[in-house]
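Shown next, in structure tokens, is the structure this report addresses.
The values are calculated or read from the model by the stated rules, or taken from the named source; none is laboratory data. Source: prediction; values computed, not measured. Don't worry about glycine lacking a Cβ; one is built from the backbone with ideal geometry, like all the others, and counts go over all protein chains shown. Heads up: the accessible areas ignore ligands, DNA and RNA and are worked out on the full protein's heavy atoms, side chains in. Shrake-Rupley method; radii C 1.70, N 1.55, O 1.52, S 1.80 Å.
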Amino acid sequence: MKSIAVIGAGITGVTTAYALAKRGFAVTLFEKHRYAAMETSFANGGQLSASNAEVWNHPSTILKGLKWMLRSDAPLLVNPKPGWHKLSWFAEFIASIPNYRRNTIATAQLAVAAREHLFAWAEAEGVDFDLKRQGILHIYRDQKGFDHAGEVSKLLAAGGLPRRAVTPEEMRAIEPTLAGSYYGGYYTESDATGDIHKFTVGLAAAAERLGVRTLYGQEVQQLGSDGRSASVTARVDGLPQTHRFDGVVVCAGVLSRSFAAQLGDRVNVYPVKGYSITVNLPDAQSQAAAPMVSLLDDETKLVTSRLGADRFRVAGTAEFNGYNKDIRADRIRPLVDWVNQCFPGVSTRQVVPWAGLRPMMPDMMPRVGRGRAANVFYNTGHGHLGWTLSAVTADMVAGVVQQAYVGTAPGVRVSASVLSQPS
């Protein structure tokens, strides 16, 4: 039985540890926090959204970013302070614009495939995570946004995801609580929502039942590999301890770039901050006034999820401001204002703000596969779709690891269009 270290116990690391354990590997999962899913996998938008597979590498993104640069409440905010990491990332982002169509289709394919694994794992392990399979409704206030969505729908269809245009009247029938005037929408019935934190914690417990050794409260400081064995040095109670394994999988979110550099690889992840609010619904009026169907407002770049009877999650925005986890009031206020505008019957007296750093690659494609060393692997860089893609990329990297050590990996999906390698 080969021993594999997995670095990071967010959604990507936990699903990877689980998938490896299911394939018979002896897995050790390292996490600096006392529990799983305490950073980017703590309070995201909750959407399992194949319909949000469109990559951001489009000329319109650059134009919007320039227009919004001086607005503190803009959906996309870039700190103008220069830095080599940021500059290199944006240069590669622009260079990937010609691959917009191909990568959007590939991401849709991944997202559709991911559902099979995630729902099956949750059912097999009895993981309750406030799952709602009531679809996602994209809403548009003008014809320009609606027409662009029509072009995106063609790419999603090429990736195996059907969605349909709906009129304002049909939108009100799908989600009667939504207030405001809209040009139209697109509805993806097969999409879903759920609580990423509850799912990750539940699957981590299931992984432990399968024999995964979980080392919480251990901050990994150094990774190494000679191609045959891998070393993981973590700080425990102020003292470094080094562990040896046959291989290592890096699932460390925004820290993956620095770990990859230690291993001789380049994985150009940038931390893109997103914000969310969890609106507690303490009374019957607020519970009745909050939507049950998940929404994506394309103009404001906000998404919603109903988490059980008494919680309503609103999340979004993108902030390029380095490794900064500050929760800014001027970035939270637009989320609260949006709730007040679109769902005026919902009380916003009890709102819990949060911010997390999305690990985003310049081409918007996750890095899944081998590093330079034969026993180093990556599953990271999922950006805003980590929750949506996690189950399939975990299955993919587990298959790659199995191929490396056993030579066969039945059922694994690996193709040049969706399996990106560290450069």
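Taking the Cα atoms only, what angle lies between the long axis of helix 329-342 and the longest principal axis of the chain, rounded to 10 degrees?
50 degrees
Given the peptides 212-222, 367-377, arrange them by the average over their residues of other C-beta atoms within 10 Å, most packed first.
367-377, 212-222
Between residue 190 and residue 143, what is the FRET efficiency for a Förster distance of 25 Å, r being their Cβ-Cβ separation, to the nearest 0.05?
My answer for the efficiency is 0.45.
To the nearest 0.05, what FRET efficiency results for residue 97 and residue 333 with a Förster distance of 25 Å applied to their C-beta separation?
0.20
Simple spin-label model, 7 Å along Cα-to-Cβ: residue 406 to residue 35 in nm?
A separation of 3.4 nm, rounded to one decimal place.
Hey, what angle do you get for helix 84-95 against the long axis of the chain, alpha-carbon based, 0 to 90 degrees rounded to 10?
Rounded to the nearest ten degrees, it is 70.
Which chymotrypsin sites (Phe, Trp or Tyr not before Pro) in the stretch 273-370 sit in a loop by DSSP (not H, G, I, E or B) and have at most 12 other Cβ atoms within 10 Å of their own Cβ?
323
State the antiparallel share, in %, of DSSP beta bridges confined to the chain, rounding to the nearest 5.
70 percent
Checking the cross-link filter: which lysines have an alpha carbon closer than 18 Å to that of residue 67, excluding same-chain neighbours under 8 positions apart?
Result set, ordered by chain and number: 81, 144, 301.
Can you work out the accessible area per residue across the chain, with the rest of the protein chains kept in place, probe 1.4 Å, in square angstrom?
Heavy-atom accessible area per residue stands at 40 Å².
How long is the gain from residue 309 to residue 70 if the chain were fully straight, where each residue apart is worth 0.36 nm and the alpha carbon distance is subtracted?
Value of the extension gain: 82.2 nm.
Going 7 Å from the Cα of residue 87 in the Cα-to-Cβ direction, what parts of the stretch 300-330 have a backbone nitrogen less than 20 Å from that spot?
Only 320-323 pass the distance filter.
Just one of (i) 30, 30, 20; (ii) 34, 23, 21; (iii) 52, 22, 19 is semi-axes √(5λ) of the Cα gyration tensor in Å as worked out from the coordinates here. Which one is it?
From the options (i) 30, 30, 20; (ii) 34, 23, 21; (iii) 52, 22, 19, the structure gives (ii).
Pairs of alpha-carbon atoms within less than 8 angstrom and 6+ residues apart define the contacts here; what relative contact order does the chain have, in percent?
25 percent
I want to verify a result. In a Gaussian network model of the chain, Cα cutoff 10 Å, which of these has the top mean-square fluctuation: 84, 68, 121?
Answer for the Gaussian network model of the chain: 84.
Using a 1.4 Å probe over the heavy atoms of the protein chains, calculate the carbon and sulfur portion of the accessible area of the chain as a whole percent.
Result for the chain: 53 percent of the exposed heavy-atom area is carbon or sulfur.
Given the -39500 (n - 2.57) contribution per DSSP H run of 4+ residues, what per-residue ellipticity at 222 nm results for the chain, rounded to the nearest 500 deg cm²/dmol?
Value at 222 nm, helices only: -11000 deg cm²/dmol.
Nearest 0.05, what FRET efficiency do residue 208 and residue 266 give at R0 = 35 Å with Cβ-Cβ as r?
About 0.55, to the nearest 0.05.
Helix 100-125 against the longest principal axis of the chain: what's the angle in degrees, Cα atoms only, rounded to the nearest 10?
80 degrees
Net charge within 13 Å of residue 287 by Cβ-Cβ distance, Lys/Arg positive one each and Asp/Glu negative one each, not counting residue 287 itself?
Taking every other residue near residue 287 into account, the sum is 0.
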